[in-house]
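Below: the structure, in structure tokens.
The values are calculated or read from the model by the stated rules, or taken from the named source; none is laboratory data. Being a predicted model, the structure only gives us computed values, none of them experimental. Neighbour counts run over all protein chains shown; Cβ positions are idealised from the backbone, glycine included. We work out accessible area using only protein heavy atoms, side chains counted, and drop any ligands, DNA or RNA first. Shrake-Rupley method; radii C 1.70, N 1.55, O 1.52, S 1.80 Å.
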Amino acid sequence: RQHQGRAFAASSTTSPALAFCAICAMSAAIAAPEWYVSHGALKIHPSLIKVVEVEVCPGTGFSPAYFWSCLEQLTKELRPEVEACLKRRDELQEKVDAFYERSKAAGTDCATKEFRPQCKAFLKEIGYLEDDRGPVSISTQFVDPEIALVPAPQLVVPSDNARYVLNAVNARWGSLFDALYGFDIIPSTSIQLGSSGAGFDVATVSAPAPPVSGYNPVRGKAVIEFANGLLDEIAPLATGCWAEVTRLWPQFVGQQQQLVLLLKSGETTSLKTPSLFVGSVGSLGPPSAHSSGAAVAVPVATNISSPSLPDEGRIFLKHNGLHLVLEIDHEDPIGKSSLSGIKDITMEAALTAILDMEDSVSAVDADDKAKVYTNICGVMRGSLEAPFVKDGKTLVRRARPDIWLRDEKGDAKALPGRAVCLVRNVGHHMFTDMVLCDGRTVPEGFVDCLVTTAAALQDLRGTGLVVNSRLGSVYIVKPKMHGPREITLTNSLFGRTEEFFGLRRDTIKMGIMDEERRTSVNLRECIRAASSRVFFINTGFLDRTGDEIHTCMLAGPVVRKQDMRKEPWIRAYEDSNVDIGLHSGFAGKAQIGKGMWARPDSMKAMLEAKIAEPMAGASTAWVPSPAAAALHSIHYHRVNVPERQMQLATRPSAPLDLILTPPLLKVMPNRDDIEEELRESAQSILGYVVRWVDLGIGCSKVPDLQNVGLMEDRATLRISSQLLANWLHHGLVSEQEIRDTFKEMAKVVDQQNARDKAYRPMSTNPDGSIAFQAALRLVLNGKTAPNGYTEFTLHEARRRAKAAVSARL
């Protein structure tokens with residue numbers, strides 16, 4: 001199994017001249033098409049040449065020729081180590097497979113607790129488990145406070161869509177009222193009354209809201225009730241509650257402003273914690289100009305429940321490091337329905353955004369990568385634009401400017417308008433034919449790294465239109481690394497890139513995705529290998545589960561997907577990541593992250609469940625949308641994460657033995673359960689793969705069999721395909737059952753996509769459907785797929801689909 005082995009078909013801009021196989025990429029040379037551009041030992045696709053000349057290099061002080069020289073040198077220096085690391089992955093998996101086969105042949109039940117010490121000793125013997133050299137303390141410097149100090153949501157966005165990228169960058173600030181009104185947190189047809197906090201009393205329910213188009217005042221009232229309850233929770237008043245506030249304004253007391261609030265009783269009050277008020281903007285003042293100290297003289301003729309003097313402005317509060325902006329306008333339709341005149345609360349939400357080049361994109365050739373690189377360069381320099389049409393008018397979306405206010409001392413102050421952008425490059429196992437070096441494909445992550453760093457140079461020099469890192473760092477998240485040696489390889493890659501561009505050592509910070517089993521069980525040593533540049537560790541339950549299944553493929557049949565979170569390894573894995581991060585000094589220096597909420601329409605469930613992540617010690621967790629970021633930010637107000645981390649740092653570390661416990665079935669499922677899992681997995685695989693292959697959509701909201709939309713990417717695909725491959729190997733399902741079920745589910749997926757004019761049905765001709773056949777191969781060949789990765793099959797199929805479209809034009 002060569003990890004970079006994948007078949008390449010003709011690229012979308014080429015003739016059929018480019019059709020070669022890279023399965024033997026580690027040894028065989030490939031003749032580049034004659035229209036590739038030569039530079040030294042490199043042969044480069046014209047689309048990549050163009051994007052480097054037009055987007056990447058201008059404004060950096062470095063020429064395209066120098067860029068290509070750096071890539072050539074990097075490839076010659078580090079490619080042998082990439083190949084050695086990939087070979088090591090295969091060797092270890094082969095040894096693990098052989099160990100399980102020998103054990104089962106000897107009559108051993110690999111699912112028993114008694115088998116675990118033997119298995120652990122074997123993993124130690126072959127070097128899978130590496131020596132733990134004791135405590136490590138990271139020394140990473142110049143990490144922006146959005147990463148190091150302030151716990152908050154993190155948005156992940158496919159980098160091939162400019163509009164989505166800008167939405168994510170701008171999701172640092174989000175409307176709480178819109179997020180509440182637009183999702184299921186507020187009941188769709190009724191309002192629940194009697195709430196005394198940020199929630200609803202389900203015991204008392206009013207009549208259904210009238211079916212009206214446009215704004216629903218009943219839902220609007222529920223939103224205001226929720227917001228007032230949340231303010232009572234986060235920023236309680238010295239007396240009274242937020243539902244009683246009729247007006248609020250800043251007022252100087254000595255040399256510093258405080259927030260004064262007028263209640264409907266005529267009494268004035270203040271915040272219980274006055275320091276939560278940090279500034280204001282606009283024309284905000286008392287109903288009367290006559291005031292004395294903190295008391296406000298209200299004329300007898302003034303109706304205090306309907307302020308006599310309209311005001312408009314913004315009040316800035318700050319709690320647990322995150323800002324809330326009270327948007328006040330008594331003349332606004334929403335503001336009129338709120339006694340206080342608050343028409344919205346703008347939440348500081350996604351402080352960081354990962355611009356993803358990997359799992360959530362379908363980028364299979366030079367043309368696709370050129371689009372990705374163009375967006376990365378544009379967002380880093382503040383020049384990215386995305387035209388869109390709204391109400392018949394063409395508008396342009398851009399990065400949000402910084403937000404100005406007068407602070408509590410009356411000084412002008414700016415708050416960052418945008419999330420700090422991190423860029424997820426591809427993993428070491430990906431090779432690309434958009435550049436050939438000495439006739440061989442180049443590690444795609446090398447190109448990603450050089451482009452990402454070059455794109456950030458104007459930001460580092462202060463010549464961009466906006467600022468990304470105020471402390472002068474470049475943040476690259478590196479996925480799918482297996483063990484300390486591969487982290488050391490990435491460290492070398494980043495170090496050489498810094499040398500090429502004349503940057504301070506450790507300018508490029510490393511995010512370590514703890515999503516592969518060999519990284520999880522050696523996490524402390526992985527951190528040690530990057531202790532001066534690591535800024536982030538993250539548990540990726542989805543990919544991690546895929547690797548768990550593949551690693552123990554031959555040990556026995558694994559549990560169903562719905563039961564996977566109940567297995568002992570997953571809790572131990574999640575806890576161990578936090579424990580090791582805290583014991584390595586991440587608090588106040590780096591992020592400890594948790595994974596994605598996969599149901600983007602189920603915000604009520606998210607609001608109830610996702611608080612578990614900051615409670616578990618995570619300083620960030622992934623969300624699928626700006627609205628989800630605004631809602632998830634509530635959890636970081638409810639949980640003081642630094643205090644929680646201090647508490648967790650005193651607990652015993654999660655035991656390694658539990659992490660090494662494979663999720664094997666103890667009792668075989670009945671036939672109905674097997675068929676249910678087969679149908680659900682087949683439908684999920686087909687629903688995602690068909691959009692990936694035929695439409696080039698890397699991350700989709702795919703409806704399940706109950707038509708509940710679930711976020712699917714290559715990580716979820718990896719789980720489903722590996723589970724079915726495991727069950728196929730162990731005889732729970734047969735190949736014929738898989739083929740028959742896939743054909744049945746193709747009809748379901750076709751029906752679910754029937755309204756999409758660009759969609760091409762699979763069920764009418766499954767043998768001729770590139771997408772259907774790719775989905776089937778992911779399962780039937782899943783046992784031998786390197787680490788269970790789906791990329792190689794998807795890329796080959798997508799390129800064939802693009803070539804077929806080109807042939808029809």
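Within the option set Val749, Val690, Val702, being open to solvent by less than 10 Å² (accessible area, probe 1.4 Å), more than 27 Å from His482 (Cα to Cα) and in contact with a strand residue (DSSP E or B) (Cβ under 7 Å, 6 or more places away or on another chain) holds for one residue only, Val702. The single condition among (1) under 30 Å from Met357 (Cα atoms); (2) open to solvent by less than 20 Å² (accessible area, probe 1.4 Å) that Gly182 does not meet is (2). Against the definition (surrounded by fewer than 18 Cβ atoms within 10 Å (Cβ to Cβ), more than 30 Å from Lys589 (Cα to Cα), in contact with a Phe, Trp or Tyr (Cβ under 6 Å, 6 or more places away or on another chain) and at pLDDT 95 or above), how does Phe99 come out, yes or no? Here the answer is no, as Phe99 does not meet what is asked.
Across region 166-189, the number of residues qualifying as under 22 Å from Val372 (Cβ atoms) and among the β-branched types (Val, Ile, Thr) comes to 1.
Of everything in region 112-169 that is farther than 30 Å from Phe388 by Cα and of a type in the set (Phe, Trp, Tyr), the residue that is most open to solvent (accessible area, probe 1.4 Å) is Phe142.
Only one of the numbered conditions (1) under 24 Å from Glu408 (Cβ atoms); (2) at pLDDT 95 or above is not met by Glu358, and that is (1).
Taking the criterion of being open to solvent by 40 Å² or more (accessible area, probe 1.4 Å) and either at pLDDT 95 or above or part of a helix (DSSP H, G or I) (or both), the residues of region 562-600 that qualify are Gln562, Asp563, Arg565, Lys566, Pro568, Arg571, His583, Ala587, Gly588, Lys589.
Counting only helices (runs of 4 or more DSSP H) that sit completely within region 693-809, those holding 3 or more residues that are without any contact (Cβ under 8 Å) to a residue 40 or more places away in the chain correspond to 735-752, 770-780, 791-808. For Gly556, the conditions (1) open to solvent by 10 Å² or more (accessible area, probe 1.4 Å); (2) assigned to a loop (DSSP other than H, G, I, E, B) are fulfilled apart from (1).
Taken residue by residue, region 419-440 has no member that is in a loop (DSSP other than H, G, I, E, B) and free of Cβ contacts under 8 Å to residues at least 24 places away in the same chain. Just one of the listed residues (Gly240, Gly285, Gly214, Gly293) is at pLDDT 90 or above and small (Gly, Ala, Ser), namely Gly240. Here is the figure for region 377-397: residues that are touching a residue at least 24 places away in the same chain (Cβ under 8 Å) and in contact with a strand residue (DSSP E or B) (Cβ under 8 Å, 6 or more places away or on another chain) total 6. Number of residues in region 396-413 that are open to solvent by 30 Å² or more (accessible area, probe 1.4 Å) and within 27 Å of the chain's Cα centre (by Cα) equals 6. Restricting region 340-373 to residues that are among the β-branched types (Val, Ile, Thr) and within 20 Å of the chain's Cα centre (by Cα), the residue that is farthest from Thr453 (Cα to Cα) is Val361. For region 62-161, the helices (runs of 4 or more DSSP H) that sit wholly inside it and include 2 or more residues that are over 30 Å from Gly617 (Cα atoms) are 64-105, 116-125. From the list Thr488, Thr497, Thr463, Thr507, the lone residue that is surrounded by fewer than 24 Cβ atoms within 10 Å (Cβ to Cβ), among the hydroxyl-bearing types (Ser, Thr, Tyr) and closer than 20 Å to Ser584 by Cβ is Thr488.
For region 175-193, taking the residues that are in contact with a helix residue (DSSP H, G or I) (Cβ under 7 Å, 6 or more places away or on another chain) and of a type in the set (Val, Ile, Thr), the one that is modelled with the lowest pLDDT is identified as Ile191. Scanning region 485-492 turns up one or more residues that are under 21 Å from the mean Cα position of the chain (by Cα), assigned to a helix (DSSP H, G or I) and not charged (D, E, K, R). On the basis of being closer than 23 Å to Gly617 by Cα and touching a strand residue (DSSP E or B) at 6+ places or on another chain (Cβ under 8 Å), does Thr545 make the cut? Spelling it out, it is not the case that Thr545 is closer than 23 Å to Gly617 by Cα and touching a strand residue (DSSP E or B) at 6+ places or on another chain (Cβ under 8 Å).
Scanning region 521-535 for residues that are open to solvent by less than 10 Å² (accessible area, probe 1.4 Å) and under 15 Å from Gln141 (Cβ atoms) yields Ala530, Arg533, Val534, Phe535. I need the full set of residues from region 494-516 which are of a type in the set (A, V, I, L, M, F, W, C) and closer than 19 Å to Arg424 by Cβ, in order please. Result: Phe494, Ile508, Met510, Ile512, Met513.
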